[in-house]
Amino acid sequence: MPTFRFITAGESHGPALTAVVEGAPAGLPLSSDEIDRELRRRQGGYGRGGRMRIESDRAEFLSGVRHGQALGSPIALLIRNRDWANWTDAMSPSPVDSMGDDDAMRRVYLPRPGHADLVGALKYDRTDARDILERASARETAARVACGAVAKRLLAELGITVGSHVASLGGIVARVPDELPEDLNAASDPSPVRCLDADAEGAMIDAIDAAKRAGDTLGGVVEVVARGVPAGLGSHVSWDAKLDGRLAHALMSIQAIKGVEIGLGFEGAMRPGSRVHDPIVADASAGRGGGFGRASNRAGGLEGGITTGQPLVVRAAMKPISTLMQPLATVDLRTGEIAEAVRERSDVCAVPAAGVVAEAMVALVLAAAVLEKFGGDNMTDLRASFDAYVERIRGRGVFAPR
């Protein structure tokens with residue numbers, strides 16, 4: 001059984017989203033304010049739709065936390081949906097008087113190309129795609145971000161940070177500095193599109209405005225960077241223990257993510273090996289790398305499914321959102337006739353928010369890997385094990401003069 005895991009539940013327009021996090025060590029400092037900050041970051045970004053003006057996400061602890069510290073038991077979180085007040089009949093768990101009114105029940109018979117609407121209706125034998133889209137909605141990621149905030153707090157206690165920025169949006173590629181800011185989120189969050197390149201930021205905003213006028217949507221690429229990660233997380237011995245595979249799984253599970261790269265990613269397939277692999281150097285300052293550094297970090301902090309001690313660099317590609325105000329063709333699930341896909345209230349672009357969700361998923365994978373490697377039912381034991389390991393490997397790259 002994994003040592004750190006989570007599960008979410010809830011529908012987009014139901015009463016609330018819920019989540020349970022298992023494996024957080026006792027004594028881990030936790031506050032709802034810290035989780036709420038992450039939830040606010042997810043709700044921001046230029047191009048978001050009307051739902052973000054309705055919701056003001058806040059997390060409530062239902063179990064597992066007492067007086068600001070984790071107890072070591074499962075942590076249950078609740079995020080209420082304010083929009084539920086407008087959907088009490090349509091999303092009622094019990095039958096209601098207006099069941100025969102398709103409009104009142106907000107039934108969906110016109111599945112959107114690119115969404116789970118049709119394939120979910122086929123798989124689960126539903127005619128009303130509302131039964132599918134409510135759970136398939138990216139609203140679910142609010143619960144992931146809340147769980148990720150718990151993971152981030154655990155990592156921060158060990159000196160590991162996770163941040164992100166938008167690398168491209170709508171085909172506009174940002175110029176990324178050779179050295180990323182130490183506090184990546186402090187540098188990217190003030191931008192409406194969470195971009196480090198001011199020129200690209202303006203072009204991205206213009207592209208979002210143009211897409212909105214055209215009734216279209218835009219996707220992009222986000223980059224997540226984790227610093228302070230020690231060498232040795234993950235494993236080469238089994239396919240499902242490789243950390244790069246676990247990261248790809250986690251990121252690909254985010255709604256609308258269609259590609260994941262680590263380090264150079266696909267670019268590495270275009271180059272000779274001499275321009276892909278990172279020369280190893282002795283570096284006494286690289287304590288978390290065992291006293292070994294790299295002359296570059298084209299591997300993105302992972303070799304053989306194991307962390308190297310270099311910054312972990314992962315990118316995720318988000319396709320454009322499938323709800324279009326100028327809809328594509330579809331088929332009516334009741335009649336089989338050609339029609340236009342349904343228009344659900346939606347964003348023009350959610351790439352900036354996707355970076356925050358990607359941070360959460362990376363943090364959750366790393367937190368699980370940390371606890372698998374170092375164990376500990378409580379923070380005292382975890383810190384002791386972590387510090388002893390870092391101290392042990394610190395001197396491996398220090399060699400006596402010949």
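The values are calculated or read from the model by the stated rules, or taken from the named source; none is laboratory data. Here the structure is a predicted model, which is why all the values come from computation and not from measurement. Backbone-built Cβ (ideal geometry, glycine too); neighbour counts: all protein chains shown. Calculation scope for accessible area: heavy atoms of the full protein, side chains included, ligands and nucleic acids excluded. Shrake-Rupley method; radii C 1.70, N 1.55, O 1.52, S 1.80 Å.
The charge dipole of the chain, taken about the Cα centre with unit charges on the Cβ atoms of Lys, Arg (+1) and Asp, Glu (-1), comes to about 860 debye, rounded to the nearest 20. Shown for the chain: the carbon plus sulfur share of the solvent-accessible area, taken with all protein chains present and a 1.4 angstrom probe, equals 53%. Axis of helix 351-374 versus longest Cα principal axis of the chain: the two differ by about 50°, to the nearest ten degrees. Net charge dipole, region 5-44: roughly 140 debye, given to the nearest 20, about the Cα centre with Cβ charges of +1 for Lys and Arg and -1 for Asp and Glu.
Across all directions, the shadow cast by the convex hull of region 174-305 built on its C-alpha atoms averages 10.3 square nanometres.
Taking only the Cα atoms of region 107-247, the ratio Rg/Rh comes out at 1.05, with Rh defined as the Kirkwood radius. Rolling a 1.4 Å probe across the protein heavy atoms gives the chain an accessible surface of 47 Å² per residue. Within region 150-184, the trypsin sites (Lys or Arg not before Pro) that combine a DSSP coil assignment with at most 11 other C-beta atoms in a 10 angstrom radius are Arg175. Rounded to the nearest Å, what's the spacing between the alpha carbon centres of region 208-264 and region 278-296? Just the number, please. So the separation of the two Cα centres works out to 25 Å. Rounded to the nearest 5, the antiparallel percentage of DSSP beta bridges internal to the chain is 100%.
Inter-part distance, region 114-129 to region 135-163, computed on C-alpha centroids, equals 29 Å.
Each principal axis of the Cα cloud of region 221-376 was evaluated for its coordinate range; sorted largest first, these ranges are 68, 42, 28 Å. The accessible area of Trp84, taken with all protein chains in place and a 1.4 Å probe, comes to roughly 60 Å². Under Stokes-Einstein, with the Kirkwood radius over Cα pairs as Rh, the value for region 9-133 at 10 °C and 1.306 mPa s is 93 µm²/s. In region 94-154, the ratio of gyration radius to Kirkwood radius, Rg to Rh, stands at 1.15 when only Cα atoms are counted.
Oblate is the label for region 181-247, because the ratio a/c of its alpha-carbon gyration tensor axes (a ≥ b ≥ c) is 1.5 or higher and a/b is not greater than b/c.
Which angle from 0 to 90°, rounded to the nearest 10, does the C-alpha axis of helix 243-252 make with the longest principal axis of the chain? Relative to the chain, helix 243-252 is tipped by roughly 20 degrees.
Normalised by the number of residues in the chain, the average gap of Cα pairs under 8 Å and 6 or more apart makes the relative contact order 22 percent. Ignoring the sites themselves, the chain has its longest run without GluC sites (Glu not before Pro) in a DSSP loop having at most 14 other Cβ atoms within 10 Å at 1-178.
Its residue count N sets the reference 2.2 N^0.38 Å, and the alpha-carbon radius of gyration of the chain equals 1.05 times that reference. Fraction of C-alpha pairs exceeding 18 angstrom in region 294-378: 66 percent, rounded to a whole number.
Among the chymotrypsin sites (Phe, Trp or Tyr not before Pro) in region 302-402, those located in a DSSP loop and surrounded by at most 10 other Cβ atoms within 10 Å of their own Cβ are Phe399. By the helix-only formula, in which each DSSP H run with n ≥ 4 contributes -39500 (n - 2.57) and the sum is divided by residues, the chain has a 222 nm mean residue ellipticity of -9000 deg cm²/dmol.
With 10 Å bins beginning at zero, the pair-distance distribution over Cα atoms of region 62-138 amounts to 16, 33, 26, 16, 9 %.
Region 329-371 and region 72-94 have Cα centres separated by 19 Å. Each residue of region 135-145 was assigned a 3J(HN,Hα) from its phi angle through the Karplus curve 6.51 cos²θ - 1.76 cosθ + 1.60 (θ = phi - 60°); the sequence is 8, 6, 4, 5, 4, 4, 5, 4, 5, 4, 5 Hz, with glycine and proline shown as x. Charging the Cβ of each Asp and Glu at -1 and of each Lys and Arg at +1, and nothing else, the dipole of region 236-312 about its Cα centre rounds to 80 debye. A simple spin-label model places the labels of Arg334 and Asp178 6.4 nm from each other, with each point 7 Å out along Cα-to-Cβ.
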